[in-house]
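Read through the structure below, which is laid out as structure tokens, and then see the notes.
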Amino acid sequence: MRQAGRYMKSYQNLCEKYPLFRERSENVDLVVEISLQPWKVFKPDGVILFSDILTPLPGMNIPFDIVKGKGPVIYDPLRTAAAVNEVREFVPEEWVPYVGQALNLLRGEVKNEAAVLGFVGAPFTLASYCVEGGSSKNFSKIKRMAFAEPAILHNLLQKFTTSMASYIKYQADNGAQAVQIFDSWATELSPVDFEEFSLPYLKQIVDSVKETHPDLPLILYASGSGGLLERLPLTGVDVVSLDWTVDMAEGRKRLGSNIAVQGNVDPGVLFGSKEFITKRIYDTVQKAGSEGHVLNLGHGIKVGTPEENVAHFFEVAKGIRY
Ligand code: CP3
């Protein structure tokens, strides 16, 4: 998950030295160093690449930045057929060679002690940033496009679909051992619109990746996905990552038995007492059952989370025996 402002002091120190997000996330040495920071301290079973779902955009002819205090900014939002026609297909080896290099180096660093995880943004979520111009509250611009000029949006979604399928393969070829697809804003869509503007594209990505990389586990996360749960396995992913607004036992039942689950402790629980954190971990693990569960938070860690509580989470998690 995006680690909301990255709570660790070691990261904050690096931000002072390298104040621009794009500099931190597009330089191989910094990407490797930042990716390893939480792993060195907490030794989780997974190391997530330090990057962003928006990192491919410049390679698709969509300039962006992440501005402190404001979040992502797309300088020329895509609002017309002509603008969408200018969007190029993404060629990862050409535009983000530092991602491949960083993944290779990370594999060398963590050896077999942890899995190296890659990630991409889902077509609808990427499109929502590009059409809205950044983060959004009411998603009116992308909905205007979806409901008044759907052909333009479908054109954009198809470009992201082809591009993200290549990007997943590129990450896997360079060392990523599982890849998470973030459809963070899919739940802004009603289920019927999810079926038109997100689901078919997710399925296309999964089908394409499975053809060339049948053993690569694919994880799907959509925040607030309670209303869509039954539809998520239709994408063909191996794991659905649940946020904490869904009860783990109910989520399991609704997703069916052929799919693994990830999650879903409320990140806010890490502000609680150690006893409370322990209780919630056990509760989640028990509800998830003894197979096919990746214990995780239900979203990224929040700013101000005490590091010792994060350490406690990992200690308890690693002590669990089935
Ligand atoms: O935390 C990590 O190091 C994991 C790598 C990671 C980042 N972004 C780095 C990042 C991951 C997995 C993401 C995914 C991401 N980026 C998502 C999907 C996950 C989710 O939260 O639903 C989304 C929607 C984005 C887009 C994005 N990037 C937003 C909305 C923001 C927040 C802007 C803000 O001001 O907080 C970012 C910036 C960003 N990406 C940060 C990090 C650690 C925080 C800013 C910083 O560290 O400079």
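List, in the order given, every pair from K43/K279; K210/K253; K143/K253; K17/K318 whose Cα-Cα distance in the structure shown is over 27 Å. Don't skip to the end; give the middle numbers.
Numbers: K43/K279 21 Å; K210/K253 25 Å; K143/K253 32 Å; K17/K318 34 Å.
Flagged as over cut-off: K143/K253; K17/K318.
Skipping prolines and chain starts, which residues have an amide H placed within reach, meaning under 5 Å, of the one on A122, given they are 5 or more residues away or on another chain?
Residues meeting the amide H criterion: F182, D183, S184.
What is the Cα convex hull volume of the chain when expressed per residue in Å³?
Values: hull volume 39.9 nm³, N = 322.
So the per-residue hull volume is 124 Å³.
What full-extension length gain, to one decimal in nm, is calculated for K68 and N85 as 0.36 nm per residue of separation minus the Cα-Cα distance? Please list the in-between numbers first.
Numbers: separation 17, 0.36 × 17 = 6.12 nm, distance 3.03 nm.
My answer for the length gained is 3.1 nm.
Taking amide H positions as placed in the peptide plane 1.01 Å from N, state which residues far from Q262 in sequence (5 or more) or on other chains have amide H under 5 Å from it.
V240, S241, L242, V294
Restricting to bridges with both residues inside the chain, how much of the DSSP beta-bridge set is antiparallel, in percent to the nearest 5?
Working: 5 of 28 bridges.
Given both bridge residues lie in the chain, the antiparallel proportion sits at roughly 20 percent.
Which distance in nm do the two modelled labels at E291 and K137 give, with both placed 7 Å along the Cα-to-Cβ direction?
The modelled label-to-label distance comes out at 4.8 nm.
Place +1 on the Cβ of every Lys and Arg and -1 on the Cβ of every Asp and Glu in the chain, take the dipole about the Cα centre, and give the residue among L202, L297, L228 whose Cα lies farthest towards its positive end.
L297
From the phi angles alone, apply the Karplus equation (6.51, -1.76, 1.60; θ = phi - 60°) to the range 71-88 and give each ³J(HN,Hα) in whole Hz, x where the residue is Gly or Pro.
In residue order, the calculated couplings are x, x, 10, 9, 5, 10, x, 8, 10, 10, 4, 5, 5, 5, 5, 7, 6, 9 Hz.
Give the average over all directions of the projected area of the C-alpha convex hull of the range 265-321, one decimal, in nm². Show your work: numbers first, answer last.
Values: hull surface 14.7 nm².
If you wrap the Cα atoms of the range 265-321 in a convex hull and average its projections, you get 3.7 nm².
Amide H of I48 versus every other amide H placed in the peptide plane: which residues, excluding those fewer than 5 positions away on the same chain, fall under 5 Å?
L117
Could you give the nm distance between label points at N112 and S190, where each point is 7 Å from its Cα heading toward the beta carbon?
5.3
Just name one of N264, V237, S184: the one whose Cα is farthest towards the positive end of the charge dipole of the range 144-298 (beta-carbon charges, Lys/Arg +1, Asp/Glu -1).
So the residue we want is N264.
What length, rounded to one decimal in nm, is gained on full extension from D76 through to D247, with 0.36 nm per residue of separation minus their alpha-carbon distance?
Values: separation 171, 0.36 × 171 = 61.56 nm, distance 4.03 nm.
Answer, rounded to one decimal: 57.5 nm.
Where in the range 151-187 does the amide nitrogen come within less than 14 Å of the point 7 Å from the Cα of N61, taken along Cα to Cβ?
Residues 156, 159-160 qualify, since their backbone N sits under 14 Å from the label point.
Can you compute the modelled spin-label distance between D215 and E16, with each label point 7 Å from Cα toward Cβ, in nm?
It works out to 4.6 nm between the two label points.
Can you order the peptides 238-244, 80-86 by their average number of other Cβ atoms within 10 Å per residue, highest first? If you can, show how the numbers build up before the last one.
On the way: 238-244: 23.0, 80-86: 13.9.
The packing order, highest mean first, is 238-244, 80-86.
Which value, in debye to the nearest 20, describes the size of the charge dipole of the range 1-88 about its Cα centre when Lys and Arg Cβ atoms bear +1, Asp and Glu Cβ atoms bear -1, and nothing else is charged? Write down the numbers at each step before the final one.
On the way: 12 positive and 10 negative charges, 65 e Å.
So the magnitude is around 320 debye.
Take each complete run of DSSP H in the chain, measure how far its Cα atoms stretch along the helix's own axis, and keep only those covering 15 Å or more with mean Kyte-Doolittle hydropathy at least -1.0; list them. Provide the component values of the computation, followed by the final result.
Working: long enough: 28-42 (22 Å, 0.93); 97-110 (20 Å, 0.21); 150-173 (34 Å, -0.07); 199-212 (20 Å, -0.16); 274-288 (21 Å, -0.77); 307-319 (18 Å, -0.30).
For the chain, where a helix must reach 15 Å along its axis and average at least -1.0, the hits are 28-42, 97-110, 150-173, 199-212, 274-288, 307-319.
With N set to the number of residues, divide the alpha-carbon radius of gyration of the range 106-234 by 2.2 N^0.38 Å and report two decimals. Numbers along the way, then the final one.
Values: Rg = 15.4 Å, N = 129, 2.2 N^0.38 = 13.9 Å.
Relative to the rule-of-thumb radius for its length, the range 106-234 sits at 1.10.
The numbers here are math on the coordinates, done by the rules we state, and not lab data. Bear in mind that the values here come from a model prediction, so they are computed numbers and not experimental data. Neighbour counts run over all protein chains shown; Cβ positions are idealised from the backbone, glycine included.
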